[in-house]
Amino acid sequence: MQSIVGRLIIAQEGRFQLLDRDGVGHHFLLHHRSAVEPDQLPPLLHRRVRVTYRPEATSIIGHAAMRIDLLED
């Protein structure tokens, strides 16, 4: 698995976008075995987080997020 640090800038249902420190947006979908529920995403908006994910095929709109850890600002 891989991980990335950034800020959640969009959250809708089980999908979200993370903006990394270089200003690049990354799209994610919560994996069905994720430790995070969709209703836990909105409180994380604009917070600094680390997302642990499984990279998916390039034809998929986002990576499968397995875990989201809140980091100190």
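Among the residues of the range 1-47, those that are among the basic types (Lys, Arg) and either on the phi > 0 side of the Ramachandran plot or buried (at least 16 other Cβ atoms within 10 Å of the Cβ) (or both) comprise Arg7, Arg15.
Evaluation of Asp69 against the conditions (1) outside any loop (DSSP other than H, G, I, E, B); (2) out of contact with any Lys or Arg (no Cβ under 9 Å at 6 or more places or on another chain); (3) acidic (Asp, Glu) shows that the sole unmet condition is (2).
Give the residue, chosen from Val36, Val5, that is assigned to a strand (DSSP E or B) and either over 14 Å from Asp69 (Cβ atoms) or under 11 Å from the mean Cα position of the chain (by Cα) (or both). Spell out the reasoning first.
On the way: Val36 fails: assigned to a strand (DSSP E or B).
Result of the check over Val36, Val5: Val5.
Scanning the range 52-62 for residues that are farther than 16 Å from Gln12 by Cβ and either surrounded by 13 or more Cβ atoms within 10 Å (Cβ to Cβ) or among the basic types (Lys, Arg) (or both) yields a total of 4. Among the residues of the range 3-20, those that are of a type in the set (D, E, K, R) and either touching a Phe, Trp or Tyr at 6+ places or on another chain (Cβ under 6 Å) or modelled with pLDDT of 95 or more (or both) comprise Arg7, Asp20.
The values are calculated or read from the model by the stated rules, or taken from the named source; none is laboratory data. Computed from a prediction, not measured in an experiment: that's the story for all the values here. Virtual Cβ from ideal backbone geometry, glycine too; neighbours counted across all protein chains shown.
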